[in-house]
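Please read the structure below before turning to the comments.
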Amino acid sequence: MKFGYYFLNTYVPELDGESPELYAHWLEQIDAAEELGFDSLWATEHHFRYFGGMLPNPQLLLTAAAQRTKRMRLGAAVCLLPMHHPLQVAEDFAMLDLVSNGRLNFGAGRGMHPLEYATFNADWSTAQLRLPEALDIVVRAWTGGEFEWNGEHYRYPKLNVYPKPQQKPHPPIYVTANRDPESFQFIGQRGYNLMTLP
């Protein structure tokens, strides 16, 4: 059995202190998790609320963790992939895989709050539909040379995406599913790792 350390902080200023104190405590926790033998460290993406909102960019925290740890795998749980451009996500997380010496676990999902999408001018109503295509783009960006894309939701001309991740053919991919049977089936059919809540 493997144990991971997961950051999903509900920020309470009276208890957690100001932002610098909170982040200093998180870095201490990362150091302790590595020292205690946790297999992995996970960080999730949330915005605009005390529930998780102090961690709007998991790849930034995980990049800091990559420089403080040598053994733990570093995972996004999750990147809100349909809210971002998949090519930017592919670039960011390939860099994270490289600076961590191939320790990335890439987790993607739609997320759970329409406010985040509306604020960033992204469409919540089609987010779950766009997720499979966005994942295909990330994998293609990580595993091949020049390509163009003419899909249902994304289109762009021939280009190369740099850098490529260290892990081959690509880092392990985890995808969330909680209630919808089609999501569980999609994850199984693609051979992704399931990330779910009890």
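If you go through region 44-72, how many residues are in contact with a Gly (Cβ under 8 Å, 6 or more places away or on another chain), within 13 Å of Gly107 (Cα to Cα) and not hydroxyl-bearing (Ser, Thr, Tyr)?
2
Please go through region 25-74 and give me each residue that is among the β-branched types (Val, Ile, Thr) and within 18 Å of Pro172 (Cα to Cα), ordered by number.
Thr44, Thr63
This table checks each residue for (1) closer than 20 Å to Leu98 by Cβ; (2) out of contact with any Leu (no Cβ under 9 Å at 6 or more places or on another chain); (3) in contact (Cβ under 8 Å) with a residue 60 or more places away in the chain.
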site	(1), (2), (3)
Asp123	no, yes, no
Gln128	no, yes, no
Val138	yes, no, no
Ala141	yes, no, no
Arg155	no, yes, no
Lys168	yes, yes, no
Ile173	yes, no, yes
Leu197	no, yes, no
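In region 100-156, which residues are assigned to a helix (DSSP H, G or I) and among the small types (Gly, Ala, Ser)?
Ala118, Ala127, Ala134, Ala141
Quick one: in region 100-116, of everything that is in contact with a Ser or Thr (Cβ under 9 Å, 6 or more places away or on another chain) and under 23 Å from Phe184 (Cα atoms), which residue is surrounded by the fewest Cβ atoms within 10 Å (Cβ to Cβ)?
Pro114
Need the failing condition index for Trp149 against (1) under 20 Å from Gln59 (Cβ atoms); (2) surrounded by 13 or more Cβ atoms within 10 Å (Cβ to Cβ), just the number.
The failed condition is (1).
Inside region 157-198, can you point out the residues that are loosely packed, with under 10 Cβ neighbours inside 10 Å and in a strand (DSSP E or B)?
Pro157, Lys158 - these are the residues of region 157-198 that are loosely packed, with under 10 Cβ neighbours inside 10 Å and in a strand (DSSP E or B).
With respect to the numbered conditions (1) within 14 Å of the chain's Cα centre (by Cα); (2) at pLDDT below 95; (3) under 20 Å from Ser40 (Cα atoms), which one is the sole condition not fulfilled by Asp92?
Failing condition for Asp92: (2).
Determine, yes or no, whether Pro132 is under 25 Å from Ala66 (Cα atoms) and either surrounded by 14 or more Cβ atoms within 10 Å (Cβ to Cβ) or not polar (S, T, N, Q) (or both).
no
If I ask for residues that are closer than 27 Å to Gly109 by Cα and loosely packed, with under 13 Cβ neighbours inside 10 Å, which ones from region 14-24 would you list?
Answer for region 14-24, where residues must be closer than 27 Å to Gly109 by Cα and loosely packed, with under 13 Cβ neighbours inside 10 Å: just Ser19.
Look at region 27-74 and say how many of its residues are part of a helix (DSSP H, G or I) and either surrounded by fewer than 18 Cβ atoms within 10 Å (Cβ to Cβ) or in contact with a Pro (Cβ under 6 Å, 6 or more places away or on another chain) (or both).
Residues meeting the conditions: 13.
Is it the case, given these coordinates, that Phe7 is in contact with a helix residue (DSSP H, G or I) (Cβ under 8 Å, 6 or more places away or on another chain) and modelled with pLDDT under 95?
For Phe7, the condition - in contact with a helix residue (DSSP H, G or I) (Cβ under 8 Å, 6 or more places away or on another chain) and modelled with pLDDT under 95 - is met.
Are there any pairs, at least 6 apart or on different chains, whose C-beta atoms fall under 7 Å, with the first in region 3-25 and closer than 14 Å to Leu41 by Cβ and in contact (Cβ under 8 Å) with a residue 12 or more places away in the chain and the second part of a strand (DSSP E or B) and of a type in the set (Ser, Thr, Tyr), and if so, which?
What qualifies is Gly4/Ser40.
The values are calculated or read from the model by the stated rules, or taken from the named source; none is laboratory data. Here the structure is a predicted model, which is why all the values come from computation and not from measurement. Quick reminder, even Gly has a Cβ in these numbers, built from the backbone with ideal geometry, and neighbours come from all protein chains shown.
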